[in-house]
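The values are calculated or read from the model by the stated rules, or taken from the named source; none is laboratory data. A quick note: this is a predicted structure, and the numbers were derived from the prediction, not measured. For neighbour counting, all protein chains shown are included, and Cβ atoms are generated from backbone atoms with ideal geometry for every residue, glycine included.
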DNA sequence: CCATCATATGAACGATTGCTCATATGTTCA
DNA sequence: TGAACATATGAGCAATCGTTCATATGATGG
């Protein structure tokens, strides 16, 4: 889940990168932009968060769980995928705190951990429908 | 492997993916879930849309453009990345209709194509801050 | 305890991603 | 027209992803 970095280490300070003659952004604006962009840690968390929604299997799982809590094999059946594939994805979803689970005998039930998720999904849907 | 009778017969149309004996989801619910989950085409579009936000470089670009329109080399400078890397990502962002561009002489200015984007970003931020 | 069922997990593999490097395209100006 | 600059793009490569397969863990009931 790491981003690959080039040899950015070489060019320490801003401005050394890869200059062009055109300066359309003056220092003042540049400062402001650098201030507005969230810090690296947050950006990585944010990207990691959205990455969860960037896979059809995971999105389908989330939509299914939107209806009702469900056990792994129910999900596997409904989504027509192997138990293993579903389980792996659920683990990921749990790590990202998007789902929670509870055990009941042999069965483990998964459910959404947050009402937010529905909002995010429909926000995305709204955007692609136009 | 042999199936025993029971409600196994009821889930024929789904296919024989990988059944378990536990039936926690009855047919009625299953039908509803299958109805609620958007169709494949839409899900792929949705996942593709979120995938855009699933990379720190792209998110940083979007945050930068949130402040002001900008040319490729300004972005490269500010984000400390090569012109090529930025250009590749901008192309992707444009394909996904998240940014638009206008040419002015040699320079190409990019800007967000949609106010929605800010909403999505802050929705995500809101979620990871807790 | 042992067999069985539900779930979890590690390794492996092909597909995809995001970068770099080299080079092509487009625009301006002398 | 050609040099200089801004941007775009194709190929190649290492990293990452999502699945499968085999197997481990955990719970239940004989």
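Results, tabulated for the structure shown:
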{"quantity": "Residue match in the stretch B:95-115 (condition: under 18 Å from residue A:26 (Cα atoms) and without any contact (Cβ under 8 Å) to a residue 24 or more places away in the chain)", "calculated": "yes"}
{"quantity": "Failed criterion for residue A:97 (all others in (1) away from DNA strand D (no atom under 13 Å from the Cβ); (2) surrounded by 15 or more Cβ atoms within 10 Å (Cβ to Cβ) hold)", "calculated": "(2)"}
{"quantity": "Search result, residues across the stretch A:102-129 that are assigned to a helix (DSSP H, G or I) and closer than 14 Å to residue B:42 by Cβ", "calculated": "A:121, A:122, A:124, A:125, A:126, A:127, A:128"}
{"quantity": "Test set (1) at the interface with chain B (Cβ under 7 Å from one of its Cβ atoms); (2) under 22 Å from residue B:115 (Cα atoms); (3) surrounded by 15 or more Cβ atoms within 10 Å (Cβ to Cβ) - residue A:117 fails condition number", "calculated": "(1)"}
{"quantity": "Residue match in the stretch B:57-67 (condition: at pLDDT below 95, buried (at least 17 other Cβ atoms within 10 Å of the Cβ) and either in contact with a strand residue (DSSP E or B) (Cβ under 8 Å, 6 or more places away or on another chain) or facing chain A (nearest Cβ under 8 Å) (or both))", "calculated": "yes"}
{"quantity": "Wholly enclosed helices (runs of 4 or more DSSP H) of the stretch A:53-101 bearing at least 3 residues in contact with a helix residue (DSSP H, G or I) (Cβ under 7 Å, 6 or more places away or on another chain) and within 11 Å of DNA strand C (Cβ to nearest atom)", "calculated": "A:72-79, A:83-95"}
{"quantity": "Odd one out for residue A:95 among (1) within 16 Å of residue A:60 (Cβ to Cβ); (2) within 16 Å of the chain's Cα centre (by Cα); (3) away from chain B (no Cβ under 11 Å)", "calculated": "(1)"}
